[in-house]
Amino acid sequence: MSNVVNGDAEVSGESYTNNLTHTVSASFSISSSPVATYTSPSPGKAGSLLARTATRTSVKQLKPFATEDIKILLLENINKTGRDVLTAQGYQVEYLKSSLPEDELIEKIRDVHVIGIRSKTKLTARVLREAKNLLVVGCFCIGTNQVDTQFAAQHGVAVFNSPFSNSRSVAELVIGEIIALARQLGDRSSELHKGTWNKVSSGCWEIRGKTLGIIGYGHIGSQLSVLAEAMGMTVIFFDAVNLMAMGTAKQVPTLEALLQGSDFVTCHVPELPETHKMISSQEFGQMRTGSYLINASRGSVIDIPALIDAMRAGKVAGAALDVYPSEPGGNGDYFNNELNSWAEDLRSLKNIILTPHIGGSTEEAQSAIGVEVSEALVRYVNEGATLGAVNMPEVNLRSLTMDEPNHVRMIYIHHNVPGVLRKVNEILGDHNVDKQMTDSRGDVAYLMADISDVSGSVIKELYQSLESLSSRIVTRVLY
Ligand SMILES: NC(=O)C1=CN([C@@H]2O[C@H](COP(=O)(O)OP(=O)(O)OC[C@H]3O[C@@H](n4cnc5c(N)ncnc54)[C@H](O)[C@@H]3O)[C@@H](O)[C@H]2O)C=CC1
Ligand SMILES: O=C(O)C(=O)COP(=O)(O)O
């Protein structure tokens, strides 16, 4: 492992790796050109922004660390496209197919600078507190409810996700389920699998002319709206904010109005305290008799025992669930009462489609998410850019170029308290700050400054001065 020159003292590769957050910041080697060792990633299928950027030879890659010292843990079967972007950078990438129970996760996370997860891995404050080297989290999915994003921000750890790369896949699944429920396809198919010919039309319907009620009209809800209208459905939606309706869809003012007016109800809200058991006994009472319920958002949104009662009473004629309050960390025979106390009652119902959280599980979605999130991670690790972060202010500066060999990029993540900028600018003030950007989000602020004509010893001084401020969360130096 290569040694890294730290100002005038030499730091061994081992100590450098053990606390990269610190030593990335504290490594002031300008002895080897990061560009010389840079290998540009092979362009992804989706047309990699990173790859395009890397081919512009004038852009300088900011990497004052040996890329092989960056340790990345990828859980939950993250797509090969994502793994390829990260390994092409030279990072050490460990990849597991499932998520990890909390204690194993804590053991593993202590060591890594980057973690990539999907919806199952819970990055709680307890886990993140142990993640002493962690710089950044990549959620290779839409939802970020599984991460304590606020705790992460307060400890200088940025969190990225993929806001819409699997939205279409979820919308298409729901369209399939609307027809499958209306025609009782699941039941007919499993009967025939068992040898029973059961040709019925009673209680089976066309979807043309029926009303679809969408709860949460964001990326998925609005995409679904377009597909449903194309199939002859009328669309109404309920959302916490006023939104532009697609096509001839109409926003309704209350959840009750949506439930009373819909033949099919589908949920597309995030997991929040306000959406917890949003559909419970009272709401089932407000639904039309013989209507259908679909949930591909989060398991906490539906009160499942209340759904079981509503289906047994004939109020709800069918349901499709993709998500559950407890979900297993990997594949296997886990869907039983040990996982969720009502699982066997749910499995015994007629006309209910139960899927193992596959809404976003298509080749297209996973391959696009792999590239998108990995590229955001690379930009954050190498350049400090927070564009698209869900828990940090969005800060970026135009790239440094090869014509600016003695420039340095200072990154200072700090508590958002009065007087910090004055102190930071006193420290930077004797130098030529070429460009600077700062922004805050809640309690945390992020400052990025590019400084010209600085030597190794000056970089060290700047770093130490910023580190000594009481407002400091994380200081990084990139050049
Ligand atoms: N089953 C699966 O595999 C997948 C599930 N999801 C889940 O679907 C959720 C929705 O995804 P997107 O449409 O991309 O999110 P989005 O953020 O684009 O849209 C969510 C919408 O819900 C609305 N909303 C929030 N709180 C509300 C409330 N209390 N009442 C009414 N409306 C409310 C928001 O205003 C927003 O318009 C995600 O948060 C995720 O949990 C997402 C992708 C795949
Ligand atoms: O994107 C999301 O929020 C999802 O729920 C999909 O999660 P997954 O990537 O399948 O674990």
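The values are calculated or read from the model by the stated rules, or taken from the named source; none is laboratory data. For clarity, every value in this text was computed on a predicted model and none was experimentally measured. So basically every Cβ, Gly included, is an ideal-geometry build from the backbone, and we count neighbours across all protein chains shown. The area values use the complete protein model at the heavy-atom level, side chains included, leaving out ligands, DNA and RNA. Shrake-Rupley method; radii C 1.70, N 1.55, O 1.52, S 1.80 Å.
Under 27 Å Cα-Cα from K250, which lysines qualify once same-chain neighbours fewer than 8 residues away are excluded?
Qualifying lysines at Cα under 27 Å: K210, K277, K315.
Based on the Cβ-Cβ distance from E104 to N396, what FRET efficiency comes out when R0 is 45 Å, to the nearest 0.05?
According to the calculation, E is roughly 0.80.
Using the Karplus equation 6.51 cos²θ - 1.76 cosθ + 1.60 (θ = phi - 60°), what ³J(HN,Hα) coupling, rounded to whole Hz, does each residue of the range 150-164 give in order, writing x for Gly and Pro?
So the J values, rounded to whole Hz, are 6, 4, 4, 4, 5, 10, x, 9, 7, 10, 10, 9, 10, x, 8.
With viscosity set to 1.002 mPa s and temperature to 20 °C, compute the Stokes-Einstein D of the chain, Rh being the Kirkwood radius across alpha carbon pairs; µm²/s, no decimals.
87
For labels at V417 and W197 in the simple 7 Å Cα→Cβ model, what's the distance in nm?
Taking the two extended label points, one gets 8.0 nm.
Under 5 Å between amide H atoms, partner at least 5 residues away or on a different chain: which partners does L400 have, H built in plane at 1.01 Å?
Here K60 satisfy the definition.
³J(HN,Hα) across the range 262-277 via Karplus (A = 6.51, B = -1.76, C = 1.60, θ = phi - 60°), whole Hz, x for Gly/Pro?
Rounded to whole hertz, the list is 10, 8, 10, 10, 9, 9, 9, 9, x, 6, 9, x, 6, 9, 5, 6.
Identify, among V269, S190, N337, the residue whose Cα sits farthest towards the positive end of the charge dipole of the range 167-354, taking +1 on the Cβ of Lys and Arg and -1 on the Cβ of Asp and Glu, with the dipole about the Cα centre.
My answer, from the dipole projection, is S190.
Excluding residues on the same chain fewer than 8 positions from K194, give the lysines whose Cα lies under 18 Å from its Cα.
Of all the lysines, those that pass the test against K194 - Cα under 18 Å, at least 8 places apart if same chain - are K350.
Can you run phi through the Karplus equation (6.51, -1.76, 1.60; θ = phi - 60°) for the range 376-388 and list ³J(HN,Hα) in whole Hz, with x for Gly and Pro?
5, 5, 5, 4, 6, 5, 7, 10, x, 6, 9, 4, x
How big is the antiparallel share of DSSP beta bridges in the chain, given as a percent to the nearest 5?
Close to 40 percent.
How high is the relative contact order of the range 167-354, in percent, with contacts defined as C-alpha pairs under 8 Å that are six or more residues apart?
Value for the range 167-354: 19 percent.
Counting other Cβ atoms within 10 Å, keep those with at most 14, restrict to DSSP loop, and tell me which trypsin sites (Lys or Arg not before Pro) in the range 343-399 are left.
Of the trypsin sites (Lys or Arg not before Pro), the ones in loops of the range 343-399 whose Cβ has at most 14 other Cβ atoms within 10 Å are K350, R398.
Could you work out how far apart the two model spin labels at R347 and N331 are, taking each label as a point 7 Å from the Cα in the direction of the beta carbon, and quote it in nm?
Computed distance between label sites R347 and N331 equals 1.8 nm.
Pull up all non-local amide H partners of D434: gap of 5 or more, or a different chain, and H-to-H distance under 5 Å with H placed in the peptide plane.
D450, I451, S452
In whole percent, and with a 1.4 Å probe on the protein chains, what portion of the accessible area of the chain is carbon and sulfur?
51
Let a ≥ b ≥ c be the square roots of the eigenvalues of the Cα gyration tensor of the range 167-354; is it rounded (a/c under 1.5), or, if not, prolate (a/b larger than b/c) or oblate?
Oblate is the answer for the range 167-354, as a/c is 1.5 or above yet b/c matches or exceeds a/b.
Give the lysines whose C-alpha is closer than 29 Å to that of K435, dropping any in the same chain fewer than 8 places away, or say none.
K60, K63, K423, K460
Can you give the charge dipole size of the chain about its Cα centre, rounded to the nearest 20 debye, using +1 on the beta carbon of Lys and Arg and -1 on the beta carbon of Asp and Glu?
920
If you roll a 1.4 Å probe over the heavy atoms of the protein chains, what accessible area per residue do you get for the chain, in Å²?
Each residue of the chain exposes 44 Å² on average to a 1.4 Å probe.
Amide H of V159 versus every other amide H placed in the peptide plane: which residues, excluding those fewer than 5 positions away on the same chain, fall under 5 Å?
Sorted by chain and number, the residues that satisfy this are V137, V390, N391, M392.
Mind giving me the nanometre distance, one decimal, between the label points for C204 and L272, set 7 Å out from Cα along Cα→Cβ?
For the pair C204/L272, the computed spacing is 4.1 nm.
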